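Structure record follows, encoded as structure tokens.
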Amino acid sequence: MDLTLEETEDALVYARDTGVSVERAEKEMTGQEDFAVLVDEMREKYTSDFVDAEWKSSSPEIILKTGAPKTAIDLGTELADVIILDAPNEVERLKATETVHKSAQNLDGMENVVTYADISGEISVLAQIEASSKKSLRSLSNSSDVQNSLNEEVPKEFPVTVSFVTDNIGEVEIRGGRAYGNKHCTAAFSLTIAGYAAVSTAEHCSNNVTRYDGADVQKYKSLARAKGDARIVRAKTKTYKATNTFRFDNSRDRIATGASNPVNGSAICKYGITTGYNCSKVYKSGICSSGYCNLHAAEKYISKAGDSGGPWFSGSVAKGIHHGVATIDGKSRSLFTRIGVVKDMGGTVKVK
């Protein structure tokens, strides 16, 4: 299976940004979009059985819960190795992560909290305390009590581990941006909603924008923060038409040909007004940070303030909307919201 011209260009940037050879980058990317489409199908058809998926060019994996029906296993084996695991499904894992995150945010002296779970259901909480807060220091000295209280918030199959730090662990990036509002954020993809043109961006960006790319626009819908960081801004009249192009480099656009959700292990690229066009790999999903949940993390930190709301993509396929950065497993990593939330808000990515 050959890569498209756009995917080939991504492979060159991915090779540059990750330090692998171009040949290896192309090999890693070949077939990943077909796999992403299959994962979306399985997530929708077998919600209660779907645990997770990971792209590996030589042996991609789909993980299903013990007791999954044969039809689910057969569908998964079309493109991947299917692993059966006695673990919570993805929806259960995300709900438990959100519950713990909300409770942790209410701890005395908390400045920020990052929460995520592994596929077994073990939840990690990284709590940034206010260094000057006496309440924070008491929380730090009573960390076992905090951990016990958070464990009471969720079923026993979701054990919680808490770590306290004083260093900055995450932020949303809102300074600068391309052609959205007063240049505070970046817009991602053009959408259609019931005949109206619209655009996606991050929910934490301004909700008071009245002009975008020459069109009169108005606020339309914001995503519930438990589902991610995204909002839709819609044209006021149907005289404006959505295009199927999106900015992927400082002076170049691509034609969007599809939309599918990111899969762990797959190569992915982003555009932002501050850092431009660069690529990494999807590292982890189901992350909560800065009050938003159901976020995805890239393997590296490839963004900065000003990139918020911008597009994440693979070739010409829409993948997500930029959020910010957080510390995950000891490293700063860029975060974004999956593109599927656009459908949840009633929109459709405009494609070729």
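Here are the numbers for the structure shown:
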| item | result |
| --- | --- |
| Restricting segment 281-307 to residues that are within 24 Å of MET110 (Cα to Cα) and not in a strand (DSSP E or B), the residue that is modelled with the highest pLDDT | TYR301 |
| The listed residue being outside the structural domain of ALA80 (by TED's automatic domain parsing), assigned to a loop (DSSP other than H, G, I, E, B), under 19 Å from SER334 (Cα atoms) and at pLDDT 85 or above, out of HIS184, HIS204 | HIS204 |
| Selection count, segment 149-163, where residues are in contact with a helix residue (DSSP H, G or I) (Cβ under 6 Å, 6 or more places away or on another chain) and not in a loop (DSSP other than H, G, I, E, B) | 3 |
| Strands (runs of 3 or more DSSP E) completely within segment 227-280 that count 3 or more residues being at pLDDT 95 or above | 267-272 |
| Any pair with Cβ under 7 angstrom, 6 or more apart, that starts in segment 338-352 at a residue that is within 19 Å of CYS269 (Cβ to Cβ) and ends at one that is part of a helix (DSSP H, G or I) | VAL349/VAL342 |
| Residue in segment 297-304 that is among the polar types (S, T, N, Q), surrounded by fewer than 23 Cβ atoms within 10 Å (Cβ to Cβ) and touching a His at 6+ places or on another chain (Cβ under 9 Å) present | no |
| Residue in segment 89-105 that is touching a helix residue (DSSP H, G or I) at 6+ places or on another chain (Cβ under 7 Å) and without any contact (Cβ under 8 Å) to a residue 40 or more places away in the chain present | no |
| Among the residues listed as ALA127, ALA104, ALA72, ALA68, the single one being in contact with a Phe, Trp or Tyr (Cβ under 9 Å, 6 or more places away or on another chain), of a type in the set (A, V, I, L, M, F, W, C), part of a helix (DSSP H, G or I) and crowded, with 19+ Cβ neighbours inside 10 Å | ALA72 |
| Failed item, numbered, when SER316 is tested on (1) among the small types (Gly, Ala, Ser); (2) at pLDDT below 95; (3) surrounded by 22 or more Cβ atoms within 10 Å (Cβ to Cβ) | (2) |
| Residue in segment 284-292 that is crowded, with 22+ Cβ neighbours inside 10 Å, of a type in the set (Phe, Trp, Tyr) and assigned by TED's automatic domain parsing to the domain that holds VAL349 present | yes |
| Any hit, segment 163-176, residues being aromatic (Phe, Trp, Tyr), touching a Gly at 6+ places or on another chain (Cβ under 7 Å) and either at pLDDT 65 or above or at positive phi (or both) | no |
| Residue tally, condition assigned to a loop (DSSP other than H, G, I, E, B) and surrounded by fewer than 19 Cβ atoms within 10 Å (Cβ to Cβ), over segment 23-48 | 4 |
| In segment 319-352, the residues that are of a type in the set (Ser, Thr, Tyr) and either assigned to a loop (DSSP other than H, G, I, E, B) or crowded, with 24+ Cβ neighbours inside 10 Å (or both) | SER334, THR337 |
| Flag if VAL51 is touching a Cys at 6+ places or on another chain (Cβ under 7 Å), outside any loop (DSSP other than H, G, I, E, B) and hydrophobic (A, V, I, L, M, F, W, C) | no |
| Unique residue being touching a Leu at 6+ places or on another chain (Cβ under 7 Å) and hydrophobic (A, V, I, L, M, F, W, C) when the list is ALA267, ALA242 | ALA242 |
| Residues located in segment 263-280, provided they are on the phi > 0 side of the Ramachandran plot and free of Cβ contacts under 8 Å to residues at least 40 places away in the same chain | GLY276 |
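The values are calculated or read from the model by the stated rules, or taken from the named source; none is laboratory data. Since we're looking at a predicted model, the values are computed, not measured. Cβ atoms come from the backbone with ideal geometry, glycine included; neighbour counts cover every protein chain shown.
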